[in-house]
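Quick notes on the structure that follows.
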Amino acid sequence: YVKGSCLDDESLKNAGIANCDTVIILAGRNASDEEYAEVDARTILMGMNIKKKNPDVYAIAEILDSDNEIHAVNAGIDEVIVKGKLSSMLISNSIISPGVTKVLKNLISGSGDNELSEVDLKKYEEKTFSAVYKEFEIPGNFILGFRKGGTVVTQVAMDQVVGKHSMILLKRKA
């Protein structure tokens, strides 16, 4: 832990931003509705400053107002989490599909028999997705999707070349 601000270059240097792979920017916790825009603007500015110091860092930011999500993405933040949006979707889904949120909670927390992981497919870049399925689709594993940049897809053509994808895998714990 380094005391300081992501807006202060010296604080970022002391935190070792140049060597970071991932950074998480949390929104202010005590904001009133009137302050959401200000808090989100500060969060986005922090993300921009961090990306300026280390363009390769994977930046995850929490924002308070979903209207600002596009601004965070446009500022170069790799992953944006809107506070309350996921919980609202889970509550709505519970009405339609009771019990699904319990399954998701176990998957996300890793407390059940299965775990989610993301697998870098660099060694498969010149191969087809058929080769990936052949190796990973074994008893206890289930391929949920593939990610390329910020886009996740659940279906790919088996004869498509993998390229720069990663895979989201559900597997049974050993």
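The values are calculated or read from the model by the stated rules, or taken from the named source; none is laboratory data. Keep in mind the model is a prediction, meaning the values are calculated, not measured. Here the Cβ positions follow ideal geometry from the backbone for every residue, glycine too, while neighbour counts run over all protein chains shown. Ligands, DNA and RNA are stripped out before the accessible areas are found, and what is left, the full protein with its side chains, is counted by its heavy atoms. Shrake-Rupley method; radii C 1.70, N 1.55, O 1.52, S 1.80 Å.
Restricting attention to the stretch 41-62, which residues are open to solvent by less than 60 Å² (accessible area, probe 1.4 Å) and acidic (Asp, Glu)?
Correct list: 62 only.
Of the residues 34, 38, 69, only one is modelled with pLDDT under 85 and open to solvent by 30 Å² or more (accessible area, probe 1.4 Å); which? Give the steps one after another, and end with the answer.
Numbers: 38 fails: modelled with pLDDT under 85; 69 fails: modelled with pLDDT under 85.
Result of the check over 34, 38, 69: 34.
Go through the stretch 109-134 and give me each residue that's in contact with a Phe, Trp or Tyr (Cβ under 9 Å, 6 or more places away or on another chain) and either exposed (fewer than 11 other Cβ atoms within 10 Å of the Cβ) or part of a loop (DSSP other than H, G, I, E, B) (or both). It would help to see each step written out before you state the result.
Start the filter on the stretch 109-134 by keeping residues that are in contact with a Phe, Trp or Tyr (Cβ under 9 Å, 6 or more places away or on another chain), which leaves 114, 119, 121, 129, 131-132.
Passing the criteria: only 121.
Pairs please, first residue from the stretch 75-104 and closer than 15 Å to residue 65 by Cβ and open to solvent by 80 Å² or more (accessible area, probe 1.4 Å), second anywhere and of a type in the set (S, T, N, Q) and outside any loop (DSSP other than H, G, I, E, B), Cβ atoms under 9 Å, 6+ apart in sequence or on different chains.
Going by the 9 Å Cβ cut-off, the qualifying pairs are 85/66.
Under 9 Å between Cβ atoms, at least 6 apart or on separate chains: pull out the pairs that start in the stretch 146-174 with a residue that is farther than 15 Å from residue 136 by Cα and assigned to a strand (DSSP E or B) and end on any residue that is modelled with pLDDT of 85 or more and β-branched (Val, Ile, Thr).
From the stretch 146-174, the pairs are 147/153; 161/128.
Given the condition more than 19 Å from residue 150 (Cα to Cα), within 22 Å of the chain's Cα centre (by Cα) and either of a type in the set (Ser, Thr, Tyr) or open to solvent by 60 Å² or more (accessible area, probe 1.4 Å) (or both), answer yes or no: does some residue in the stretch 2-23 qualify?
yes
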